[in-house]
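Student: My questions will all concern the structure given below.
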Amino acid sequence: MILRRPATIVATLALCLTAAAPVAAQSPAASASDAVVSADWLEQHLDDPSVRVLEVSVVPGVYDRGHIPGAVNVAWHTDLVDPVRRDIASGESIQSLLRAAGVNDDSTIVLYGDNNNWFAAWGAWVLDVYGADDVRLLDGGRVKWEADGRPLEVAPPTPAEGSFTAAEADGDLRAFLPEVLAVVEGSDQAQLVDIRGPAEFSGEIFAPEGVQELSIRAGHIPGAINVPWGQNVTEDGTFKSPDDLRALYAAVGIDGSQPIITYCRIGERASLTWFVLHRILGYDAQVYDGSWTEYGNSVGLPVENPAGTVWGGQ
Amino acid sequence: MTVAVPPSDDPAQGGVVGISGPSTRVVAQRLAAGGLVAVVLVVVAGLLVGTPGQGVPAATSLAIGAALGVVFARGRFCFFCILRDLIEHRDSAPTYAILAALAVGGVGYAVVFGMFLPDPSTGRLPAQAFIGPVSWVLVAGGLCFGVGMALSGGCISALLYRMGEGYGRAPIGLLGALVGFGLGFLSWQPLYLATIVRAPEMWLPAELGYVGALVVHLGALGVLALLLMRWLPPTRPTETARPTLGAVYRRVFVWRWPALVTGALVGLIGAVAYLRVAPLGVTQQLGTLSRSVMTDAGLIGDRLNGLDAFSGCVAVVGELLVDNGWLVGAMVLGSFGVSIAGGRFRITGVTLRNGTTALLGGVLMGWGAMVALGCTVGTLLSGISAFAIAGWVFGAAVVAGVWLGIRLRLHTI
């Protein structure tokens, strides 16, 4: 990965771009093609041994009843997280997971999943944290692949053991509560992006109906900017063009000139926006995977709650 | 519609086209009417494919439900009737339909499992298969369900297909089941915390592998088949004449399908259902409806601890119509279509007495199916086919409950 943390270069580049240099405008698009693969591309590379495909879906049985040929199933709730502590999976677990999936250090890993690639993006972030070199998302995920009428197969593959070696977790991609708090208190500079819906952001509701993970305070982290995740994608679930994405974030003052921290409720949708900001646009961005269920449940932290909704109130 | 001769399961009795049965014209009318139902089902399936939020799984559920309705109705695949024949009339012939369904279903599930979860020893369970927790609650649910079957004259799946044949008690029994589900949801939390939370989800392949599990499965069914032979009635002489069109019509639409054919088809449909959509079950939609009403009324909370983590024929939160609803609806329609085609549709009246027993039986079945995470189709048929110990335990408890019900003459009230 070339654009791991070149914040200043990218910021300069972004400034150049807003100064309207048509030739320079092409170069971030090149980074986009590195991060996102089209269904056409993937279908042509299904037999390419250097490409390993992983499915991270949320709905049980989706993978089992048909997946992209050669794709290996990854269960987000056991494979990508520590099932006991609230944490992402250890480097060791990710290493053995990827080796079992036939991933080598020089493999191109393509992730896809249901629900607009939410958990696939989370997977891409986790793999990036552990130093996987070439992690990409299938544009449009499962829905687009199926809508295109492309082939699926039922039998899971039996890949030969890979040689992937996990690196130490890259702290530059992940924000913890103290770092977020430092931003809130002004001792660190970063832009907080809240990708939840406007009603959650404003504190009108604690969480969308039916979800189990709740915070007992409503609202958002002070200073956060609300850009709901859905604005990253078009109607068919594919990502908007890099230019559109850049304009979307520039309109709310996010242009890559400052580090960015994304968060949502439990961390998975924030990974999708992180993927857009960091991998497609090349901005310096981190996921705060503790997200609102950590922040909004923590004692003594400042909260912005414009709607004034009170927990337990009628 | 004119039905000249009362329809019968028995070839020795009337209903014979061209001899003493209905005229060719009447038969043609019946077939046309049944065909019309089939056309309706095909059109609805086609519409579902293109409907956002429904799609192929809903259409497939519809097709599976219709097939199940036809096979259940034509084979009289009614768990209570089959068990009553065995317990009361000492006739084990119909029981072989259940054994055949479980045998074919087991082979089908083994094939599907081999694809879904190649290594069963990892501690994971195959996606969505009805492998439920084994505890005394499951036994209580099965007993209650069995007694309810005797009271209402059929299990939930039988009430569904018999509703398509015009059986008046069926909708009342199903209404009772909705109430029973509600009582089940009310009692779920204490039962879950007291017992179910620690109950093991026992699955044969985890210990024995697929081959071992299938050997044990087929072996157990084989032993049951041998034991039941002593109550087999004398076989009828087979016909030697070349079948006429009328004879084919009778065989397909009028006479009861042979037990082994019925059972094998049920097992096949079960495996196909699991492969394409979800394990076969008929209580998920009913439970979902009941849960939704209860939640809206504030009688139960949004969350039922543990319930949503189990794979079973259980209610879905936050939805009103699930794929299972298309299956259940199509089951009634499939049975309706095939009973019209065979001239077997007739609306039977309800008295205060048999309506009350149907309702009470339904309540018992609803409660039992809720706490057992499924009924004779979900937990028994799909569970045993999936090599779940819970399926066998529930099955044994249901048989005991039906035996008790018949001993207490509940089915004659």
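The values are calculated or read from the model by the stated rules, or taken from the named source; none is laboratory data. All of these numbers come straight from a predicted model, not from anything done at the bench. Virtual Cβ from ideal backbone geometry, glycine too; neighbours counted across all protein chains shown. Heads up: the accessible areas ignore ligands, DNA and RNA and are worked out on the full protein's heavy atoms, side chains in. Shrake-Rupley method; radii C 1.70, N 1.55, O 1.52, S 1.80 Å.
Student: Of B:L232, B:L327, which has the most accessible area and how do the rest follow, probe 1.4 Å?
Tutor: On the way: B:L232 75, B:L327 15 Å².
Correct descending sequence by accessible area is B:L232, B:L327.
Student: Then there is this: Just to be sure I understand the model, the point goes 7 Å from the Cα along the line to the Cβ. What's the resulting B:W231 to A:N297 distance in nm?
Tutor: So the two model labels end up 5.4 nm from each other.
Student: Run the 1.4 Å probe and let me know the accessible area of B:M294, rounded to the nearest 10 Å².
Tutor: Probe radius 1.4 Å; accessible area of B:M294 about 20 Å².
Student: Which whole-Hz ³J(HN,Hα) couplings does the range B:55-63 yield from phi under the Karplus relation 6.51 cos²θ - 1.76 cosθ + 1.60, θ = phi - 60°, glycine and proline marked x?
Tutor: Using θ = phi - 60°, the values come out as x, 4, x, 5, 5, 5, 4, 4, 5 Hz.
Student: Using the Karplus equation 6.51 cos²θ - 1.76 cosθ + 1.60 (θ = phi - 60°), what ³J(HN,Hα) coupling, rounded to whole Hz, does each residue of the range B:323-340 give in order, writing x for Gly and Pro?
Tutor: Using θ = phi - 60°, the values come out as 3, 4, x, 5, 5, 5, x, 5, 5, 4, 5, x, 5, 4, x, 6, 6, 5 Hz.
Student: Could you tell me whether the range A:172-295 comes out rounded, prolate or oblate from its Cα gyration tensor? Rule is a ≥ b ≥ c as square roots of the eigenvalues, rounded for a/c under 1.5, then prolate if a/b exceeds b/c, otherwise oblate. All intermediate terms of the calculation are to be shown ahead of the outcome.
Tutor: Working: a/c = 1.76, a/b = 1.15, b/c = 1.53.
Judged from the Cα gyration tensor, the range A:172-295 comes out oblate (a/c at least 1.5, b/c at or above a/b).
Student: In nm, give the distance between the simple-model label positions of B:V179 and B:D308, each being 7 Å from the Cα along the Cα-to-Cβ direction.
Tutor: 2.9
Student: To continue, here is another question. Report, by chain and number, residues whose modeled amide H sits under 5 Å from the one on A:V37, excluding near sequence neighbours (fewer than 5 apart, same chain).
Tutor: A:L137, A:L138, A:D139
Student: Something else: In Å², rounded to the nearest 100, what is the total accessible surface buried by chains A and B against each other with a 1.4 Å probe?
Tutor: Summed over both sides, the interface buries about 900 Å².
Student: Run through the range A:238-314 and list the chymotrypsin sites (Phe, Trp or Tyr not before Pro) located in a DSSP loop whose Cβ has at most 16 other Cβ atoms within 10 Å.
Tutor: On the way: sites: A:F239, A:Y249, A:Y263, A:W274, A:F275, A:Y283, A:Y288, A:W292, A:Y295, A:W311; in loops: A:Y283, A:Y288, A:W311.
Counting only loop positions with at most 16 other Cβ atoms within 10 Å, the chymotrypsin sites (Phe, Trp or Tyr not before Pro) in the range A:238-314 are A:W311.
Student: Name the shape class, rounded, prolate or oblate, that the alpha-carbon gyration tensor gives for the range B:294-382, where a ≥ b ≥ c are the square roots of its eigenvalues, rounded holds for a/c under 1.5, and otherwise prolate holds if a/b is larger than b/c and oblate otherwise. Working shown, then result.
Tutor: On the way: a/c = 2.11, a/b = 1.56, b/c = 1.35.
Prolate, since a/c reaches 1.5 and a/b exceeds b/c.
Student: For the range B:110-162 and the range A:250-295, compute the distance between their C-alpha centroids and round to whole Å.
Tutor: If you average the Cα positions of each part, the centres end up 44 Å apart.
Student: Quick check: from the Cα gyration tensor, does the range A:271-314 come out rounded (a/c under 1.5), prolate or oblate? List each step's numbers first, then the result.
Tutor: Numbers: a/c = 3.28, a/b = 2.58, b/c = 1.27.
Taking the square roots of the gyration eigenvalues as a ≥ b ≥ c, the range A:271-314 is prolate.
Student: Which percent of the accessible heavy-atom area of chain B goes to carbon and sulfur, probe 1.4 angstrom?
Tutor: Values: 11850 of 17190 Å².
For chain B, the apolar C and S fraction of the accessible surface comes to 69 percent.
Student: Continuing with the same structure: What is the gain in length, in nm to one decimal, between B:A194 and B:V56 on full extension, counting 0.36 nm per residue of separation less the C-alpha to C-alpha distance?
Tutor: On the way: separation 138, 0.36 × 138 = 49.68 nm, distance 4.03 nm.
Stretched out fully, the B:A194 to B:V56 stretch lengthens by 45.7 nm.
Student: If amide H atoms are built 1.01 Å from N in the plane of the peptide, which residues on other chains or at least 5 residues away come under 5 Å of the amide H of A:V233?
Tutor: So A:V233 has HN proximity to A:K240.
Student: For chain B, what is the calculated [θ] at 222 nm in deg cm²/dmol (nearest 500), taking -39500 (n - 2.57) for each run of four or more DSSP H residues and dividing by its residue count? Walk me through the intermediate numbers first.
Tutor: Working: 14 runs with 248 residues, N = 413.
Helix-only estimate at 222 nm: -20500 deg cm²/dmol.
Student: Take chain B, drop everything but the C-alpha atoms, weight them equally and run the Debye formula without solvent; then report log10 I(q)/I(0) at 0.09, 0.11, 0.14 Å⁻¹ to two decimals.
Tutor: -0.53, -0.80, -1.31
Student: Figure the gain on full extension for B:L186 and B:L36 (residue separation times 0.36 nm, minus the Cα-Cα span) and round it to one decimal in nm.
Tutor: Values: separation 150, 0.36 × 150 = 54.00 nm, distance 4.23 nm.
Stretched out fully, the B:L186 to B:L36 stretch lengthens by 49.8 nm.
Student: Give me the inter-chain shielding for A:209-216: mean count of other chain Cβ atoms within 10 Å, whole number please.
Tutor: Values: counts 3, 5, 2, 4, 0, 0, 0, 0.
Average neighbour count from other chains, rounded to a whole number: 2.
Student: Here's a follow-up. For chain A, what does -39500 (n - 2.57) per DSSP helix run (n ≥ 4), summed and divided by total residues, give at 222 nm, in deg cm²/dmol to the nearest 500? Before the final figure, lay out each step's value.
Tutor: On the way: 12 runs with 99 residues, N = 314.
Calculated from helices alone, the mean residue ellipticity at 222 nm is -8500 deg cm²/dmol.
Student: Same structure again: Can you list which of the GluC sites (Glu not before Pro) found in the range B:138-244 are DSSP loop residues with at most 14 other C-beta atoms within 10 Å?
Tutor: On the way: sites: B:E165, B:E201, B:E207, B:E239; in loops: B:E165, B:E201, B:E239.
Of the GluC sites (Glu not before Pro), the ones in loops of the range B:138-244 whose Cβ has at most 14 other Cβ atoms within 10 Å are B:E239.
Student: B:V261 to B:L408: extension gain in nm, 0.36 nm per residue of separation minus the Cα-Cα distance?
Tutor: Working: separation 147, 0.36 × 147 = 52.92 nm, distance 3.28 nm.
Here the answer is 49.6 nm.
Student: If you take each beta carbon of peptide B:109-119 and count the beta carbons of other chains within 10 angstrom, what is the mean? Write out the running numbers ahead of the final one.
Tutor: Details: counts 0, 0, 0, 3, 1, 1, 6, 8, 3, 3, 1.
Across B:109-119, the average partner-chain Cβ count within 10 Å equals 2.
Student: Using alpha carbon coordinates only, what is the Rg to Rh ratio of the protein assembly as shown, with Rh defined as the Kirkwood radius? Don't skip to the end; give the middle numbers.
Tutor: On the way: Rg = 29.7 Å, Rh = 28.4 Å.
Ratio of gyration radius to Kirkwood radius: 1.04.
Student: Under a point spin-label approximation (7 Å from Cα along Cα-to-Cβ), what is the A:D236-A:V310 distance to one decimal in nm?
Tutor: Between A:D236 and A:V310, the simple spin-label model gives 5.1 nm.
Student: Convert each backbone phi in the range B:22-29 into a coupling constant with the Karplus relation 6.51 cos²θ - 1.76 cosθ + 1.60 (shift: θ = phi - 60°), then list the ³J(HN,Hα) values in order as whole Hz, x for Gly and Pro.
Tutor: With coefficients 6.51, -1.76 and 1.60, one gets x, 6, 4, 5, 4, 4, 4, 5 Hz.
Student: Efficiency by 1/(1 + (r/R0)^6): what FRET value for A:R150 and B:R276, r their Cβ-Cβ distance, R0 = 22 Å, to the nearest 0.05?
Tutor: It comes out at approximately 0.75.
Student: I've got another one for you. Among B:W136, B:W367, B:W257, which one moves the most in a GNM of chain B with springs linking Cα atoms closer than 10 Å?
Tutor: Greatest mean-square fluctuation among the candidates belongs to B:W136.
Student: Moving to a separate point now. When only Cα pairs under 8 Å and 6 or more residues apart are kept, what is the percent relative contact order across chain A?
Tutor: Working: 605 pairs, mean separation 68.4, N = 314.
It comes to 22 percent, rounded to a whole number.
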